[in-house]
Every structure is written in C-alpha cells, then in structure tokens.
Amino acid sequence: TFITTTLVPRYLGPENYGQITLAYSYVALFIPIGALGLNDIIVKQLIDNREKNNAILGTTIVLRTISSLFSIVAIYIVVKVMSNNPLLPLLAILQSFSLIFQAYECLMYFYQSKLLAEKTGKIHATAYTLTAVFRIICLIIKKDIKWFAFAVSLDFLVIATLLLFTYFKEGNKLSFSKDIAKELLFKSSPYLFSGIMTVISGKADSIMLGKFIDETTVGYYGA
C-alpha cells in the first residue's frame, strides 16, 4: 500500500490525482451516514447479546446497505451540483460503491468481540495485497483514472467477500429483526452525528480547494 500510494499520484499527475482525491472527499462526507454510527456500539451489543449475534449482524448489514444506497444517490447529486467537471460524478460513484461493501465491516467486529482479531488481520492483509497488485497492474498497462477510482471500492469488495466466506464457512447465519433495528438506531444516533462532524472537519479543506481553486491544487495538497 505504501508503494502504490507513492506510485499512483506520480503516474496520474496532479490534475488527475486531484480529481480522485476531490471525488473521494465528497464520498467521505457520507461514510458516517452509511455507517449510521453502528461501528461504535456493535462490539458491546455482540458481547452483551451472544444469543442474538446472528440477528444483530444481519440487521446491521441491512440498515447499513439501505443507508449506503441512499448515500450513493446523494453523493451523485451533490457532486453534480457542486462541480462543473463532468468526470467528477463518475469518479465519485465508482468510489462510493465502497459504502455498500463497508456494510459488511460488522463481521470484522464479530470476530473482535470473540477475541479472534487474528482472522480479520489475515483477511485485511490478503485484501490489501490483492488490491495493491491490482493497482500495480493498472500502472504497468497504463489504465486511465477510472480504474484507480474503482480500486478504492475494490479494497472493500475483497474484504467483504473474504469476511462473508469465512463467516458462512464456520456455519454461522444472518437474520433481520425490526426490534433490534430500532434499538441499534437509537443507541447509535449520537455517534452518527459526531462522526459526521469529524468527517466534515477532515475533508472540508479538499472540497474548498477544489471549489475555489481547481483539482490540480487538490492533487498537490492530497499528495
């Protein structure tokens, strides 16, 4: 990841790298909305309710998937309104698919709640290695900017796939519960708002540079 993070900006150049960085800044604004603050409470919920783990995980995935789908639509509208660059909405959409795949992060917290973080460590190491290889291949065959934007979502797609494979291979199941959904949303709401404020403070600078100057400046700033 360190190597590809160094090579990709040099290959893309300030303008193209700036476009990817700016597009992801808009996506990042919606990451807390897609997560619904559930990441901050789910480990405790899993520990306190071992007999309901399947329902908690399944409900969390459903809630986050629905929220992510709405977020993707909102991201497209916001970028379309905020930018005159016709390529930027496409780059944002390609990266925003990561929100859907991040919904399966809760399976990682399931293993953490059982003190089995070694499994998720191996999954992340495998996923990051594969996506790093993907980026290097894109560099070698000189793919355009859209492939590097999709690589952001590919990270989370591989992680989600490996998490699901490991989870179901062990004989686990997933289910949905309206009552658990209400309880989770009630408990996570304070974390949702604090997460939104944190992301705004972290990404507002890139968006402001892109809005008031240009994408090339964002590229230099991001690098």
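The values are calculated or read from the model by the stated rules, or taken from the named source; none is laboratory data. Predicted, not measured: the structure shown is a model, and the values here were computed from it. Note that each Cβ is placed from the backbone with ideal geometry, even for glycine, and that neighbours are counted across all protein chains shown. Just the protein is used for accessible areas: all its heavy atoms, side chains included, with ligands, DNA and RNA removed. Shrake-Rupley method; radii C 1.70, N 1.55, O 1.52, S 1.80 Å.
3J(HN,Hα) along the stretch 135-149, derived from phi through the Karplus expression 6.51 cos²θ - 1.76 cosθ + 1.60 where θ = phi - 60°, amounts to 5, 5, 4, 4, 5, 5, 8, 6, 6, 7, 4, 5, 5, 6, 5 Hz, with x in place of Gly and Pro. Projected label points at GLU118 and LEU87, each 7 Å from Cα along the beta carbon direction, are separated by 4.6 nanometres. Using every pair of separate Cα atoms, the Kirkwood estimate puts the hydrodynamic radius of the stretch 74-187 at 16.4 angstrom.
Of all the accessible heavy-atom surface of the stretch 139-223, with the other protein chains kept in place and a 1.4 Å probe, what percent is carbon and sulfur?
Details: 3530 of 5260 Å².
Of all accessible area on the stretch 139-223, carbon and sulfur atoms account for 67 percent.
In this structure the chain gives 52 Å² per residue of accessible area when probed at 1.4 Å with all protein chains present. Between LYS173 and THR126, what FRET efficiency comes out of the Förster formula 1/(1 + (r/R0)^6) with R0 = 22 Å and r the beta carbon distance, rounded to 0.05? For R0 = 22 Å, the calculated efficiency reads 0.35. By the gyration tensor of its Cα atoms, with a ≥ b ≥ c the square roots of the eigenvalues, what is the shape of the stretch 139-184: rounded for a/c under 1.5, prolate for a/b over b/c, or oblate? Note, shape of the stretch 139-184 comes out oblate.
In order along the stretch 59-65, the phi-based Karplus estimate (6.51 cos²θ - 1.76 cosθ + 1.60, θ = phi - 60°) of 3J(HN,Hα) comes to 5, 4, 4, 5, 4, 5, 5 Hz; Gly and Pro are listed as x. Ligands, DNA and RNA left out, the 1.4 Å accessible surface of the stretch 59-122 is 73% carbon and sulfur atoms.
Please compute the Kirkwood hydrodynamic radius over the chain, one decimal place, Å, based on all pairs of different Cα atoms.
When all Cα pairs of the chain are included, the Kirkwood radius is 18.4 Å.
Let me have the 222 nm mean residue ellipticity of the chain computed from DSSP H runs of 4+ only, each contributing -39500 (n - 2.57), with the sum over all residues rounded to the nearest 500. Helices in the chain give a 222 nm mean residue ellipticity of -28000 deg cm²/dmol.
Among the trypsin sites (Lys or Arg not before Pro) within the stretch 31-131, those in coil by DSSP and having at most 14 neighbouring Cβ atoms inside 10 Å are LYS114. Paramagnetic label reach from ASP48 (point 7 Å along Cα→Cβ; backbone nitrogen cut-off under 18 Å): within the stretch 172-186, residues 177-186.
Which pairs break 28 Å Cα to Cα here: LYS114/LYS146; LYS142/LYS169; LYS80/LYS146; LYS146/LYS211; LYS173/LYS203; LYS44/LYS169? Please list the in-between numbers first.
On the way: LYS114/LYS146 39 Å; LYS142/LYS169 38 Å; LYS80/LYS146 17 Å; LYS146/LYS211 21 Å; LYS173/LYS203 37 Å; LYS44/LYS169 24 Å.
Exceeds cut-off: LYS114/LYS146; LYS142/LYS169; LYS173/LYS203.
In this structure, THR161 and PHE70 have a Cβ-Cβ separation that, at R0 = 35 Å, corresponds to a calculated FRET efficiency of about 0.90. Over the stretch 123-223, the pair-distance histogram of Cα-Cα distances with 10 Å bins from zero comes to 12, 21, 33, 24, 10, 0 percent, rounded to whole numbers.
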